[in-house]
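Visitor: Sharing a structure here in structure tokens format.
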Amino acid sequence: VPHMKIDDLRVSIEGKEIVKGLNLEIKGGEIHAIMGPNGTGKSTLASALMGHPLYEVTGGSVDLNGEDVLEMEVDERAQAGMFLAMQYPAEISGVTNADFLRSAINSRREEGQEISLMKFIRELDAKMDVLEIPSAMAHRYLNEGFSGGEKKRNEILQMMMIKPNIAILDEIDSGLDIDALKVVAKGVNEMRNEEFGCLIITHYQRLLNYIEPDFVHIMMDGKIVMSGGKELAQRLEAEGYDWVKQDLGMTV
Ligand code: ADP
Ligand code: MG
Ligand code: MG
């Protein structure tokens with residue numbers, strides 16, 4: 001069962017500390033949600049976990065199954081089973097969606113154990129059906145000209161095909177209408193199993209009506225300041241963030 005432990009993580013951008021001592025533990029079978037106001041460092045956390053070079057880790061540790069994630073290169077993190085669905089997925093010209101997926105899958109396999117083309121196509125078809133993605137999108141260049149909603153569905157398609165052990169979904173719900181939101185949630189819910197731990201980063205609790213989190217964490221000013229169950233998300237939706245600050249004795 002995968003197990004990720006983030007301990008007192010500190011991340012700076014251009015010398016400014018954004019993540020200020022964050023602790024979080026995610027195990028296989030668990031879905032965690034991080035909620036928090038804009039600009040609180042949620043995307044910075046996600047990028048730093050995946051090893052984005054712009055984000056400088058200045059303290060703390062990240063352990064995945066006994067291995068030091070912070071010592072790994074970006075591709076090694078993916079090979080170790082980590083996956084990030086980005087808030088703003090990049091467009092990659094000249095690489096089709098299908099080619100990208102096949103090489104991503106194969107990069108996590110031993111030489112000689114590559115997925116067969118037949119099996120790949122069958123699986124891709126099945127997952128695209130679940131996500132209601134038109135089959136022509138397999139052969140388009142990655143994210144090029146995709147609408148906002150198509151990009152988000154495509155991030156989930158990648159996750160379903162790559163089958164990571166730990167997935168981080170950064171604002172996968174932003175810009176989605178209710179139907180697209182349900183489809184995205186269906187994809188995530190299909191992934192639920194002991195070999196899969198998930199961190200959902202979101203600004204709104206809407207998505208959590210469709211993906212029931214086991215744990216909800218509130219992030220403010222670079223730290224997790226409160227953790228609870230799904231009722232925490234409902235209270236945030238109803239009352240906003242001010243009560244959290246008051247409870248914690250922060251100045252509003
Ligand atoms: P959230 O995802 O919670 O909305 P972010 O992690 O995107 O927050 O941003 C946290 C803070 O870091 C903000 O003040 C933002 O302006 C700053 N920041 C994020 N990315 C960059 C960047 N690439 N360059 C400079 N500042 C950044
Ligand atoms: Mg933001
Ligand atoms: Mg963000």
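The values are calculated or read from the model by the stated rules, or taken from the named source; none is laboratory data. Since the model is a prediction, treat every value here as computed from it, not as a measurement. Every residue, glycine as well, gets a Cβ built from its backbone with ideal geometry; the counts of neighbours run over all protein chains shown.
Visitor: Taking the stated definitions as given, is Gly36 of a type outside the set (Val, Ile, Thr), within 13 Å of ligand 3 (Cβ to nearest atom) and in contact with a helix residue (DSSP H, G or I) (Cβ under 6 Å, 6 or more places away or on another chain)?
Guide: The answer is yes for Gly36.
Visitor: Another question, then. What about Lys119, is it at pLDDT 95 or above and away from ligand 2 (no atom under 16 Å from the Cβ)?
Guide: yes
Visitor: Has segment 23-30 got any residue that is surrounded by fewer than 17 Cβ atoms within 10 Å (Cβ to Cβ), within 16 Å of ligand 3 (Cβ to nearest atom) and in a strand (DSSP E or B)?
Guide: no
Visitor: Gly41 passes all but one of (1) of a type outside the set (A, V, I, L, M, F, W, C); (2) over 15 Å from the mean Cα position of the chain (by Cα); (3) modelled with pLDDT of 95 or more; which number fails?
Guide: All conditions pass for Gly41, except number (2).
Visitor: Go through segment 168-204 and give me each residue that's within 16 Å of ligand 1 (Cβ to nearest atom), farther than 12 Å from His32 by Cα and of a type in the set (A, V, I, L, M, F, W, C).
Guide: Ile172
Visitor: A further question on this structure: Of all residues in segment 193-220, count the ones that are acidic (Asp, Glu) and in contact with a strand residue (DSSP E or B) (Cβ under 7 Å, 6 or more places away or on another chain).
Guide: Final tally of qualifying residues: 1.
Visitor: Restricting attention to segment 33-52, and to residues there that are more than 11 Å from ligand 1 (Cβ to nearest atom) and outside any helix (DSSP H, G or I), which single residue is surrounded by the fewest Cβ atoms within 10 Å (Cβ to Cβ)?
Guide: In the first step, residues of segment 33-52 are kept if they are more than 11 Å from ligand 1 (Cβ to nearest atom); the result is 33, 49-51.
Pick out the ones that are also outside any helix (DSSP H, G or I) and you get 33, 51.
Numbers: Ala33: 24, Gly51: 21.
Restricting to residues being more than 11 Å from ligand 1 (Cβ to nearest atom) and outside any helix (DSSP H, G or I), the top hit is Gly51.
Visitor: Give segment 209-232 a look and list any residue that's under 17 Å from Leu176 (Cβ atoms) and at pLDDT 95 or above, or say none. Working first, answer last.
Guide: In the first step, residues of segment 209-232 are kept if they are under 17 Å from Leu176 (Cβ atoms); the result is 209-211.
The answer is Tyr210, Ile211.
Visitor: One residue is enough: does segment 104-125 have a residue meeting the conditions closer than 30 Å to Gly39 by Cβ, in contact with an Asp or Glu (Cβ under 9 Å, 6 or more places away or on another chain) and not in a helix (DSSP H, G or I)?
Guide: So the first thing to find is which residues in segment 104-125 are closer than 30 Å to Gly39 by Cβ, and the list is none.
No - not one qualifying residue is present in segment 104-125.
Visitor: Just to be sure before I move on: is Asp7 in a strand (DSSP E or B) and over 18 Å from Met226 (Cβ atoms) in the structure I sent?
Guide: Criteria met by Asp7.
Visitor: OK, next. Go through (1) crowded, with 19+ Cβ neighbours inside 10 Å; (2) in contact with a Lys or Arg (Cβ under 8 Å, 6 or more places away or on another chain) for Thr58 and report which single condition fails.
Guide: Of the numbered conditions (1) crowded, with 19+ Cβ neighbours inside 10 Å; (2) in contact with a Lys or Arg (Cβ under 8 Å, 6 or more places away or on another chain), the odd one out for Thr58 is (1).
For every residue, the table says whether it meets (1) more than 30 Å from Pro134 (Cα to Cα); (2) out of contact with any Lys or Arg (no Cβ under 9 Å at 6 or more places or on another chain); (3) of a type in the set (D, E, K, R); (4) more than 16 Å from ligand 3 (Cβ to nearest atom).
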position: Asp173; (1), (2), (3), (4): no, no, yes, no
position: Ile200; (1), (2), (3), (4): no, yes, no, no
position: Ala238; (1), (2), (3), (4): yes, yes, no, yes
position: Leu248; (1), (2), (3), (4): yes, yes, no, yes
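Visitor: May I ask you to list pairs of residues, at least six apart or on different chains, whose Cβ atoms are under 8 Å apart, with the first in segment 31-55 being more than 21 Å from Lys230 (Cα to Cα) and the second being near ligand 1 (Cβ under 6 Å from one of its atoms) and polar (S, T, N, Q)?
Guide: Qualifying pairs under 8 Å: Tyr55/Thr44.
Visitor: Further, regarding this structure: One residue is enough: does segment 51-70 have a residue meeting the conditions under 20 Å from Met161 (Cα atoms) and more than 16 Å from ligand 2 (Cβ to nearest atom)?
Guide: Looking through segment 51-70, none of the residues is under 20 Å from Met161 (Cα atoms) and more than 16 Å from ligand 2 (Cβ to nearest atom).
Visitor: For Glu76, state whether it is within 28 Å of Tyr204 (Cα to Cα) and without any contact (Cβ under 8 Å) to a residue 24 or more places away in the chain.
Guide: Working: within 28 Å of Tyr204 (Cα to Cα): no; without any contact (Cβ under 8 Å) to a residue 24 or more places away in the chain: yes.
Spelling it out, it is not the case that Glu76 is within 28 Å of Tyr204 (Cα to Cα) and without any contact (Cβ under 8 Å) to a residue 24 or more places away in the chain.
Visitor: Mind listing whichever residues of segment 233-248 are under 18 Å from Lys182 (Cβ atoms) and either surrounded by 16 or more Cβ atoms within 10 Å (Cβ to Cβ) or of a type in the set (S, T, N, Q) (or both)?
Guide: Ala233
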